[in-house]
C-alpha cells in the first residue's frame, strides 16, 4: 500500500480524472473470442502500429495460445498521447493490465515507484538474459534488479532524399559532420527548403544523435552527476554547433515545429536529410496508393561522424509485469515466450529489430534491404540515461535546448541551468 499512497499523493485529482477519461474509447482492443472457460485471460497493453498489430493479432496470439492452451490473451492497443497518465491512473486505481509493452525510458521510473515486478528472480530469467542482446537487456535494469525483458530494439540512421543529395554533388551519404554541413549548404543553394532534418519535440530524442556525435555528454558513466558533463565545454560546443546550423537555416523548419513534417519533407523533395527508425521504411514501403518509393528515392547512412564518433540513440520497448497484475505467473510465461526465437522472427517481419540474438542474425531478416544499416548503427548507439528521474530531466534539457534554438538563452546558460536542475532532481 505504501506505493499506492505515495503515488496518489503525488498526482493531482484532475490528472487522474483526465487520464481515466482518456482511457475510455481510446486505442483499439482485440477482444477475446470464443469460450474462455477454464482459461486464464492475460490482459496486455501495447503500442504497436497498425501493421505490427495485425501481425500480433493474426500470428503471435494464435501461436502462443496454441502452445499454451490454458492462457488466453486480451490485446489492447493504447494511444501514445497521454499514455503515461493512463498507466499511472491504472496502477493507482488497481486497473492496470497484467503486462505492457513499455517504452524503455519509463522502466526505471515505474520500477522506483514500485509499480513493476522484479523479474530477475523468476524462473527462466537467466535463460532470457543470455538469449538477448546486452544493451537492450540493460534498459530494463534499475539499481541491481531487472523489471522487464526487451521485446524489440531500435535506433535511428540518417536518411537522405536521393534527388536532392545528387543535386548537391554526392551519390553516397556524408560520412562526417563537416561533410554534412557542406552538402547541406549546397542543397539549400539548389532550392531545398531544409537540409538537416531534426524533428520538434519536448524530449531530447530528436537531437541526441547530433549532440553525442558532436562530442556532447549527458552525465557521468554511473549516471549520478550531470554537472561537469551536460555543461562541459564539449557539450556546450555541440549545442552551439546545432544552433549555428539553425541560424544559417540549414536545419529544417521542423526543429521548432514548422511544416512540412520530416516524412512529407523527404517525400516531396523539400528536405535533404532526416533521421528516423526502421519504421520509416516499413510503413512507407507498405503505404497503399503512395507514389513515393522509399527504397528507391532515399539513401541511408550512419549518423555522420563528429568529435564523438557516429552516435545514435537506442530506442525500443520492454515487456513489464505490473505489481498488481491479476495473473503474474501467466504474464511471465508470455513475456518469456515473446523473447524466444520464433515470435521474435515473426515480429521482425514488420521491420522491428529483434532483441533475441539468434533472430536478429537470421539471414531472412538481414535480407530486408534497410536492416543492416540499423544493426550497424546499433553498435555505437547509446541509451538515454537509465534513471527514475529521467523523464523530468529530459524535459528540462529539451526545453532549454529549444530556448537556445529560439535565441532566448545562450548554450552555456542553458546547459549550466539544466545541469544544476538535473543534479537537484537526483538528490
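We did not get these values from a lab; they are worked out from the coordinates using the rules stated. Note that the coordinates shown come from a computational prediction; the quantities given were computed from them, not determined experimentally. Glycine gets a Cβ as well: all are built from the backbone with ideal geometry, and neighbour counts include every protein chain shown.
Below is a table of values for the structure above.
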| item | result |
| --- | --- |
| Efficiency of FRET between residue 59 and residue 37 - r from beta-carbon atoms, R0 30 angstrom, step 0.05 | 0.75 |
| Length-normalised contact order of the stretch 219-293 in % [C-alpha pairs under 8 Å, at least 6 apart] | 11 percent |
| Sites residue 406 and residue 67 - FRET efficiency at Förster radius 51 Å, r taken between beta-carbons, to 0.05 | 0.40 |
| Residue order, fewest to most beta carbons within 10 Å, for 126, 282 | 126, 282 |
| Alpha carbon centroid spacing (whole Å) that separates the stretch 183-206 from the stretch 256-278 | 8 Å |
| DSSP beta bridge pairing in the stretch 133-277, given as percent antiparallel to the nearest 5 | 60 percent |
| Centre separation in Å (Cα based) which lies between the stretch 131-173 and the stretch 343-360 | 14 Å |
| Neighbour-count order for 201, 130, 213, 219, fewest beta carbons within 10 angstrom listed first | 130, 201, 219, 213 |
| Nearest 10 degrees, 0 to 90: helix 233-247 Cα axis against the chain principal axis | 70 degrees |
| 222 nm mean residue ellipticity, helices alone, for the chain (DSSP H n ≥ 4; -39,500 (n - 2.57); rounded to 500) | -12000 deg cm²/dmol |
| Approximate spin-label separation residue 190-residue 286, in nm, with each point projected 7 Å along Cα-to-Cβ | 3.3 nm |
| Where only C-alpha atoms are counted, convex hull volume of the chain per residue in Å³ | 148 Å³ |
| Distance between the stretch 293-316 and the stretch 386-405 - C-alpha centres, whole angstrom | 23 Å |
| Rounded to 10°, Cα long-axis angle of helix 328-338 versus longest principal axis of the chain | 50 degrees |
| Hydrodynamic radius (Kirkwood) for the stretch 305-427, which is based on Cα pairs only, to one decimal in Å | 18.0 Å |
| Residue exposure sequence - 159, 283 - by fewest surrounding Cβ within 10 Å | 283, 159 |
| Computed P(r) (all Cα pairs; the stretch 240-380; 5 Å bins; percent) | 2, 8, 14, 16, 17, 15, 11, 9, 6, 3, 1, 0 |
| Virtual spin-label span in nm between residue 425 and residue 248, 7 Å along Cα→Cβ | 3.2 nm |
| Area projected by the alpha carbon convex hull of the stretch 86-239, averaged over all directions, nm² | 12.8 nm² |
| Relative packing of peptides 139-151, 43-55 - highest average C-beta neighbours within 10 Å first | 139-151, 43-55 |
| Simple spin-label estimate for residue 307 and residue 372 in nanometres, 7 Å along Cα-Cβ | 3.4 nm |
| Förster radius 25 Å - calculated FRET efficiency between residue 201 and residue 234 (Cβ-Cβ, nearest 0.05) | 0.65 |
| Relative contact order computed over the stretch 375-426 (Cα-Cα under 8 Å; 6+ residues apart), in percent | 36 percent |
